[in-house]
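The structure appears below as structure tokens.
What follows draws every value from the coordinates through simple rules; no lab data is involved. Here the structure is a predicted model, which is why all the values come from computation and not from measurement. Here the Cβ is made from the backbone with ideal geometry for all residues, glycine too, and neighbour counts use every protein chain on show.
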Ligand SMILES: Cc1cc2nc3c(=O)[nH]c(=O)nc-3n(C[C@H](O)[C@H](O)[C@H](O)COP(=O)(O)O)c2cc1C
């Protein structure tokens, strides 16, 4: 997959890489995408308390998760993730267009030569955009980020799993100068704990239960004649067959998040399987 100046060596990428990522095989990935950072660190639940397994291979990501700030990313996390030698894309979010501009400017200034690009998390729970998000907002946020980065850095816009609306949002991203799209982020849901006395939990659904919805979103994007951007398929990838299904419906590459969280090293193993298969069939 070509992303501006970069060619990914493998179609399997790791989404929301743990900051402490370690182990063999990650050097075979196409790319590493970081967890989302904000300009300032944001207090909240640590990941191990904020992620619940609600069904087989299905997770609920609580909305009040902690985020790292841009400075911590540059000082500590980025150098660690770059040691695998694959392109690193930093996921960012901000409350509104000026906020996106500010964090993109900071990251370009402080770490521009270390970034393959930025992934724009347009509908983050704390982005302030919420359900009122429009194609115009996506265009303006994308443009703000694009204008701050060096020309050959990629801007990937990560979209929500809304099949009826995703096309318009994607066109906004394309008009704003995005290099690629990622589909999808988690689905907003309400989870009722087994114990009726416990309060309902709001959060984002990911993993197996998300897969049909994310596949549909990728399919909508890939079959739109106005959309020309490459697509990262994301949602419920656990096996080589899942990777192939995403490529079959029109994705150019995939990102693995829940699979890696449930089974650390899965993304590296899938990348090796893909590399092996392409050597055998060549
Ligand atoms: C543990 C965990 C943490 C996540 N953190 C982020 C995040 O920081 N930023 C983001 O854009 N998406 C985040 N996501 C969403 C994933 O990147 C992905 O879009 C979504 O979960 C669908 O893929 P999956 O089914 O493979 O998890 C997270 C998902 C999981 C499971």
Along its principal axes, what span do the Cα atoms of the stretch 54-99 show, with the longest given first and each in whole Å?
35, 32, 16
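If you average 1/r over all unlike Cα pairs in the stretch 175-282 and invert the result, what Kirkwood radius do you get in angstrom? Write out the running numbers ahead of the final one.
Working: mean 1/r = 0.0653 Å⁻¹.
So the Kirkwood estimate lands at 15.3 Å.
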If contacts are Cα pairs under 8 angstrom and at least 6 residues apart, what is the relative contact order of the chain in percent?
21 percent
For the stretch 2-281, what does the equivalent ellipsoid look like in terms of its semi-axes, each the square root of 5 times an eigenvalue of the Cα gyration tensor, given largest first in whole Å?
24, 23, 20
Sorted from fewest to most neighbouring beta carbons within 10 Å, what does the list 165, 28, 223 look like?
223, 165, 28
Cα pair distances of the stretch 1-125 binned at 10 Å [whole percent]
12, 42, 36, 10, 0
Fewest-first ranking of 65, 213, using other Cβ atoms within 10 Å as the exposure measure
213, 65
When only alpha-carbon atoms are used, what values of Rg and Dmax, in angstrom, describe the stretch 57-177?
14.4, 40
According to a simple spin-label model (label point 7 Å from Cα along Cα-to-Cβ), what is the distance in nm between residue 223 and residue 20?
4.5 nm
Looking at the chain, send over the antiparallel percent of its DSSP beta bridges, to the nearest 5.
35 percent
Report the extension gain between residue 273 and residue 80 in nm, rounded to one decimal, defined as 0.36 nm multiplied by the number of residues separating them, less their alpha carbon distance.
67.0 nm
Rounded to whole Å, give me the distance from the Cα center of the stretch 253-272 to that of the stretch 152-223.
18 Å
